[in-house]
Amino acid sequence: MISFNDSHYRNIGDLRVAPISLGTVKLGRNSNVKYPKPFDLPSREQTNKLLSVAQDLGINLIDTAPAYGSSELRIGELLKGRRQDWLISTKVGEIYEGDSSYDFSASHVTSSIHNSLEQLRTDYLDIVLIHCSDDDLNDLKKTDAIAEILKLQTQGYIRYVGASTKSLSGSLFALAAMDVAMVEADELNELDKAVTHGPLMIKKALQSGHSKNFSEGIRSVLSYSQVSTVVVGTINEKHLVENVASAIDAV
Ligand SMILES: NC(=O)c1ccc[n+]([C@@H]2O[C@H](COP(=O)([O-])OP(=O)(O)OC[C@H]3O[C@@H](n4cnc5c(N)ncnc54)[C@H](OP(=O)(O)O)[C@@H]3O)[C@@H](O)[C@H]2O)c1
């Protein structure tokens, strides 16, 4: 099977990350999502197999969030005893209970991070992103979220902090204040013009499955040197292999 080699990995701080990461909305949530077709959540066996295939391909980062339904819980169960094999990125601020709401207060940020540690069965998180609403600049500038996650980083619960943003100004603000930003692929051209050095994690590079050319979607995103990894959401092993092949072609 194909696999990333050492020369393909990129940095987020000191973390060496494969150009493709595993996005896990589809592991834990199938309501109020924007994918082209309805789907069943994969079984424990299917998910375990997906993680094994991902690992064999050289993928080493899993991206999750409390807002992705049972995703954190399921990943925690499956990675039990295999924590050292994976980097874990999660988020804070969005709450999903049939509908999304947001809480960026210091008390919510702290309780949410401790809950993520428990669900994921670990005592530290490699990356935590503030899970911004459409008003990302307000979330970052006018709430206690940044101060609180920086405090948790100092306390050793988190290695790298950042935000998953919705706008160019939100992304630029996040990169100035923290270590990393997760941005939509469509924003890359503007960020590039703004001479942003990243590091960037990319979401929705395949337009949540609506893309007409999946391979080109991955290749074009990885042509930007600021991009550390493309977080691709898939529960299909064959697609995972295709996506890694496209990435190897590009890097
Ligand atoms: N922080 C945020 O606000 C935020 C928002 C959205 C997403 N994210 C993160 O970014 C990740 C990616 O976003 P996303 O899941 O919305 O969208 P995406 O990665 O652009 O697209 C995922 C969709 O594309 C399909 N797909 C993947 N590879 C394919 C291939 N080679 N051929 C055909 N179809 C393919 C998947 O279906 P199959 O399962 O059938 O492969 C899935 O339906 C998420 O999982 C999440 O971790 C974060």
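No lab work stands behind these numbers, since they all come straight from the coordinates. What you see is a predicted model, and the numbers here were worked out from it, not measured in a lab. Using ideal geometry, Cβ is built from the backbone for each residue, glycine included, and neighbour counts are taken over all protein chains shown.
List of remarks:
- By other beta-carbon atoms within 10 Å, ranking LYS203, LYS212 with the fewest at the front produces LYS212, LYS203.
- Order of GLU45, GLU190, GLU148 - criterion: other Cβ atoms within 10 Å of each residue's Cβ, fewest first: GLU45, GLU190, GLU148
- Size of electric dipole in the chain: Cβ of Lys, Arg +1 and of Asp, Glu -1, about Cα centre, debye, nearest 20: 400 debye
- The Rg/Rh ratio of the stretch 6-250, with Rg taken over Cα atoms and Rh as the Kirkwood radius over Cα pairs, comes to 0.93.
- Residues in the stretch 240-251 carry Karplus couplings, in order, of 4, 4, 4, 5, 5, 4, 5, 5, 5, 4, 8, 10 Hz; the curve used is 6.51 cos²θ - 1.76 cosθ + 1.60 with θ = phi - 60°, and Gly or Pro positions show x.
- Counting other Cβ atoms within 10 Å as a rough exposure proxy, the listed residues ILE235, ILE62, ILE20 run ILE235, ILE62, ILE20 from fewest neighbours to most.
- Extended-chain gain in nm, criterion 0.36 nm per residue less alpha-carbon gap, GLN84 and ILE2: 27.3 nm
- Less than 5 angstrom separates the built amide H of VAL230 from those of ILE20, SER21, ILE202, all sequence-distant by 5 or more or on a different chain.
- Rounded to the nearest 500, the 222 nm mean residue ellipticity of the chain from helices alone is -11000 deg cm²/dmol, with -39,500 (n - 2.57) taken per DSSP H run of at least 4 residues.
- In loop segments of the stretch 106-199 as defined by DSSP, the trypsin sites (Lys or Arg not before Pro) with at most 12 further C-beta atoms inside 10 Å of their C-beta are LYS142.
- The stretch 65-131 and the stretch 180-251: distance between their alpha carbon centers, rounded to Å: 23 Å
- Above-threshold pairs, the threshold being 24 Å between Cα atoms, out of LYS26/LYS193; LYS26/LYS141; LYS49/LYS80: LYS26/LYS193; LYS26/LYS141
- Radius 13 Å from Cβ of SER52, net charge of other residues (Lys, Arg +1; Asp, Glu -1): -1
- The stretch 29-71: translational diffusion in µm²/s, Stokes-Einstein, Kirkwood Rh over Cα pairs, 10 °C, 1.306 mPa s: 132 µm²/s
- Estimated from the Cβ-Cβ distance and a Förster radius of 35 angstrom, the FRET efficiency linking GLU237 and ASP192 is about 0.60.
- Taking other residues whose beta carbon is less than 13 angstrom from the beta carbon of ASN243, and scoring Lys, Arg as +1 and Asp, Glu as -1, yields -2.
- Over all other residues within a Cβ to Cβ distance under 13 Å of VAL25, the charged ones net out to +4, with Lys and Arg as +1 and Asp and Glu as -1.
- Computed FRET value (nearest 0.05) for TYR224 with LYS151, which takes r as the C-beta separation and R₀ as 45 Å: 0.90
- Take the Cβ atoms of ASP123 and ASP144, set R0 to 25 Å, and the FRET efficiency comes out at 0.60.
- For the stretch 180-197, backbone phi angles converted through the Karplus equation (6.51, -1.76, 1.60; θ = phi - 60°) give residue-by-residue couplings of 7, 10, 9, 10, 6, 3, 4, 8, 4, 4, 5, 5, 5, 5, 7, 6, 8, 8 Hz, Gly and Pro being listed as x.
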